[in-house]
Amino acid sequence: MVRFTVLASGSKGNSTVVSGGQTRILVDAGLSCRELFRRMKLADEDPATLDAIIVTHEHQDHINGLGATARKLGIPVYFTEATHRAWMRWLTPRKQMTYAQWLEQCRQQAAALQAEAAPVQACDCEDPEADEGVNVVGSETAASDQEKPESAKSKASKLEEPKPDPTWLPAVEYFQAGRPFTIGDIAVSPFTIPHDASDPVGFVFQAEGVRMAVATDLGYIPPNVKAQLKGVDLMLLESNHDLEMLRDGPYPWQVKQRVLSRVGHLSNDATAQFLESSYDGQAAYVILGHLSESNNLPELARVSAERALCGRASLLANRLLLAGQHEPLSPILF
């Protein structure tokens, strides 16, 4: 059985489960590990059956729970190499400081070293009883050291332990856009998309003769994306914003320019234009995703897409669905 389950789609988190044969892949992990597991259970998906996580790009709404989820399940993560590096930079940002801050840091480090060395110098004395283990400081101090609770000692040891590496993953696998590969029973065809990330990609997944496409977070639909979206049985396509709502909305002008750019997000009008003029009408399911909660309404996105689809008689059989941000979409089965 082939199964496609959108767990979340939007600016606060994106994640989808693609299943085929004996393989299950999590596409992006934009929610916390706990929330991903909760959504999967709501959709009757078992987190323990996931075989891998595959990442479209490194923006936070696509990788927020990536490390914790991969470590919890002990499964590999598939990136492009540039996306992996960008994800690691996001988790371990370089701290910049002024010269004055650097001098103050050096002073504090020197003071800490001096404080550590002070007790050693105080105890550096010639005492005939010291070699025999006699406490020369006093019996009360020795008793207090011996009676120090075990929990305090363990806390002290924990403070000395280095923090775990947030970039550590059970396994990392690299892929390149334009070079198909397989994960278990699922064939994966990654393709480049226009977005303001290091190396963003969309995917076409194929299992048991069923082809499913994921194409969100793209400023426009170039010819290579149009070619990938032909002959698919299911298509998750972005319909991010209504142009008028975005222009009159609360975002700063710089953010509006980014969203409207050719490396931003697809508007309802751009999605409708593609559906009307370039889409081949083969998909049984068209899912609109990544709808903005500030600059769009589900009704606007739906009406715009329905008009485009109804304008062509061959598309009347397509089922139009909307993926939401706060609850999973019902699984689609083939």
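Quick one: is Leu291 assigned to a helix (DSSP H, G or I) and in contact with a Ser or Thr (Cβ under 8 Å, 6 or more places away or on another chain)?
no
For region 185-201, which residues satisfy the criterion of being hydroxyl-bearing (Ser, Thr, Tyr) and either over 16 Å from the mean Cα position of the chain (by Cα) or assigned to a strand (DSSP E or B) (or both)?
Across region 185-201, the qualifying residues are Ser189, Thr192.
Among the listed residues Thr92, Thr56, which satisfies the condition of being of a type in the set (Val, Ile, Thr) and surrounded by fewer than 21 Cβ atoms within 10 Å (Cβ to Cβ)?
Of the residues listed, the single one that is of a type in the set (Val, Ile, Thr) and surrounded by fewer than 21 Cβ atoms within 10 Å (Cβ to Cβ) is Thr92.
Checking Thr182 against (1) surrounded by 19 or more Cβ atoms within 10 Å (Cβ to Cβ); (2) among the β-branched types (Val, Ile, Thr); (3) outside any loop (DSSP other than H, G, I, E, B), which test does it fail?
Against the list (1) surrounded by 19 or more Cβ atoms within 10 Å (Cβ to Cβ); (2) among the β-branched types (Val, Ile, Thr); (3) outside any loop (DSSP other than H, G, I, E, B), Thr182 comes up short only on (1).
If the requirement is being under 20 Å from Val188 (Cβ atoms), in contact (Cβ under 8 Å) with a residue 24 or more places away in the chain, among the charged types (D, E, K, R) and touching a Leu at 6+ places or on another chain (Cβ under 8 Å), which of these qualifies: Arg24, Arg39?
Arg24
Filtering region 87-128 down to residues that are closer than 30 Å to Val55 by Cβ and of a type in the set (A, V, I, L, M), which residue is modelled with the lowest pLDDT?
Once the filter is applied, the top-ranked residue is Leu91.
So, in region 247-262, of the ones that are surrounded by 13 or more Cβ atoms within 10 Å (Cβ to Cβ) and either of a type in the set (Ser, Thr, Tyr) or in contact (Cβ under 8 Å) with a residue 60 or more places away in the chain (or both), which residue ends up nearest to Pro194 (Cα to Cα)?
Taking the candidates together, the pick is Ser261.
Residues Leu237, Leu275, Leu309: which one is at pLDDT below 95 and crowded, with 17+ Cβ neighbours inside 10 Å?
Testing whether each residue is at pLDDT below 95 and crowded, with 17+ Cβ neighbours inside 10 Å leaves just Leu309.
For region 283-303, give me the residue count where each residue is touching a strand residue (DSSP E or B) at 6+ places or on another chain (Cβ under 9 Å) and surrounded by 16 or more Cβ atoms within 10 Å (Cβ to Cβ).
Our first condition is that a residue be touching a strand residue (DSSP E or B) at 6+ places or on another chain (Cβ under 9 Å); within region 283-303, this holds for 283-292, 294-296, 298, 301-302.
Among the residues that remain, those that are also surrounded by 16 or more Cβ atoms within 10 Å (Cβ to Cβ) are: 283, 285-292, 295-296, 301-302.
Total meeting the criteria: 13.
What are the pairs, 6+ residues apart or on separate chains, where a residue within region 155-179 that is of a type in the set (Val, Ile, Thr) has its Cβ under 7 Å from a residue that is assigned to a loop (DSSP other than H, G, I, E, B) and modelled with pLDDT of 60 or more?
Thr167/Thr92; Val172/Pro76
The values are calculated or read from the model by the stated rules, or taken from the named source; none is laboratory data. These figures come from a predicted structure and were not determined experimentally. Glycine gets a Cβ as well: all are built from the backbone with ideal geometry, and neighbour counts include every protein chain shown.
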